[in-house]
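**Student:** If you scroll down you'll find the structure; I have some questions about it.
The values are calculated or read from the model by the stated rules, or taken from the named source; none is laboratory data. As the structure is a prediction and not an experimental result, all values here were calculated from the model. Every residue, glycine among them, receives a Cβ derived from its backbone with ideal geometry; neighbour counts consider all protein chains shown. The accessibility values were calculated without ligands, DNA or RNA, using every heavy atom of the protein model including side chains. Shrake-Rupley method; radii C 1.70, N 1.55, O 1.52, S 1.80 Å.
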Amino acid sequence: MVNKGFPKFGMSQAGAFVAALKNYNLPDFILVLIAKECKSELLERGRIDDRLQSMNDEALELLHKVFVECEEDKAGKYAQYRFYAYVSSMYHKCEVLVNETIPGKKKNHKMPVAVKNNGMYIAVAHNKATGHPVNKKDTTKFYEIVDDIKSGDHGTMLTDAIYASSVGFRGDALVELETLSKSRKDDAENQLNFKTANFENNIYSVTKC
């Protein structure tokens, strides 16, 4: 008779994963996303270690790979999870939405991450997880999208726009974004803070503000 509830890699490893992961300030929506991907159960509320223990082996292993070992995968999905957590850490007590479609003045835009406070968008963020370093064309496109959102009915409270990269930035890309940012009208209504962040040595650090 096989005990279906018995973890396939044994309690000791699952326990070690939980012990390591509970020290990471993992946002609730990350746990929900991972649980969904790994078809795992997840306690809706409670202490972080209890919630982690409610997850299946696959979910714990994935969380450990992403946040403790900082592994990379070809699709760049692990980098995206770290990026979600990074943005969340900057906006405490705000609602972080993944793959959110936001209407701009000209058209709708799908943003990898959007942050809401009191029902209003206050920040948007994009991450380049794989491929070549971010180039001038990438940052120009990002600026134009954010500018369109800011100009629309849903962008009145939008103040921050973060472009993160796990593959670095070309110098001209940073210069172009800074030039575009400085070209904006210098008043409260049009204010937008463009930030770039690089993922190096297992952490995101802001390269330009």
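**Student:** What is the residue count in segment 188-199 for residues that are over 17 Å from TYR84 (Cα atoms), open to solvent by less than 30 Å² (accessible area, probe 1.4 Å) and in a strand (DSSP E or B)?
**Tutor:** Final tally of qualifying residues: 1.
**Student:** Spot the failing condition for ALA123; the list is (1) under 29 Å from ASP172 (Cβ atoms); (2) hydrophobic (A, V, I, L, M, F, W, C); (3) part of a loop (DSSP other than H, G, I, E, B), and only one is missed.
**Tutor:** Of (1) under 29 Å from ASP172 (Cβ atoms); (2) hydrophobic (A, V, I, L, M, F, W, C); (3) part of a loop (DSSP other than H, G, I, E, B), only one is false for ALA123: (3).
One line per residue, one yes/no per condition, for (1) closer than 26 Å to HIS92 by Cα; (2) out of contact with any Leu (no Cβ under 6 Å at 6 or more places or on another chain); (3) assigned by the TED database to the domain that holds PHE29:
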position: LYS128; (1), (2), (3): yes, yes, no
position: GLY131; (1), (2), (3): no, yes, no
position: ASN135; (1), (2), (3): no, yes, no
position: THR139; (1), (2), (3): no, no, no
position: THR156; (1), (2), (3): yes, yes, no
position: TYR163; (1), (2), (3): yes, yes, no
position: ASP172; (1), (2), (3): no, yes, no
position: SER181; (1), (2), (3): yes, yes, no
position: LEU192; (1), (2), (3): yes, yes, no
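**Student:** Working only within segment 147-167, note down all residues that are within 22 Å of ARG82 (Cβ to Cβ), without any contact (Cβ under 8 Å) to a residue 60 or more places away in the chain and among the β-branched types (Val, Ile, Thr).
**Tutor:** Correct list: VAL167 only.
**Student:** Within segment 126-163, can you find the residues that are in a loop (DSSP other than H, G, I, E, B), surrounded by 14 or more Cβ atoms within 10 Å (Cβ to Cβ) and touching an Asp or Glu at 6+ places or on another chain (Cβ under 9 Å)?
**Tutor:** Answer for segment 126-163, where residues must be in a loop (DSSP other than H, G, I, E, B), surrounded by 14 or more Cβ atoms within 10 Å (Cβ to Cβ) and touching an Asp or Glu at 6+ places or on another chain (Cβ under 9 Å): ALA129, THR130, ASN135, GLY155.
**Student:** Filter segment 106-120 down to the residues that are in a loop (DSSP other than H, G, I, E, B) and either under 15 Å from the mean Cα position of the chain (by Cα) or in contact (Cβ under 8 Å) with a residue 24 or more places away in the chain (or both) and list them by number.
**Tutor:** LYS106, LYS107
**Student:** If THR207 satisfies every condition in (1) surrounded by 19 or more Cβ atoms within 10 Å (Cβ to Cβ); (2) hydroxyl-bearing (Ser, Thr, Tyr); (3) within 27 Å of GLU69 (Cβ to Cβ) but one, which is the exception?
**Tutor:** All conditions pass for THR207, except number (1).
**Student:** Right, here's the next one. Taking ASN202 as meeting all but one of (1) within 16 Å of the chain's Cα centre (by Cα); (2) under 22 Å from TYR91 (Cβ atoms); (3) open to solvent by less than 70 Å² (accessible area, probe 1.4 Å), write down the number of the exception.
**Tutor:** (3)
**Student:** Filter segment 63-80 for residues that are open to solvent by less than 20 Å² (accessible area, probe 1.4 Å) and touching a helix residue (DSSP H, G or I) at 6+ places or on another chain (Cβ under 6 Å); which is nearest to ILE30 (Cα to Cα)?
**Tutor:** Step by step, filter segment 63-80, then rank; the result is LEU63.
**Student:** Can you say whether ALA114 is surrounded by 21 or more Cβ atoms within 10 Å (Cβ to Cβ) and in contact with a helix residue (DSSP H, G or I) (Cβ under 8 Å, 6 or more places away or on another chain), as far as the supplied structure shows?
**Tutor:** no
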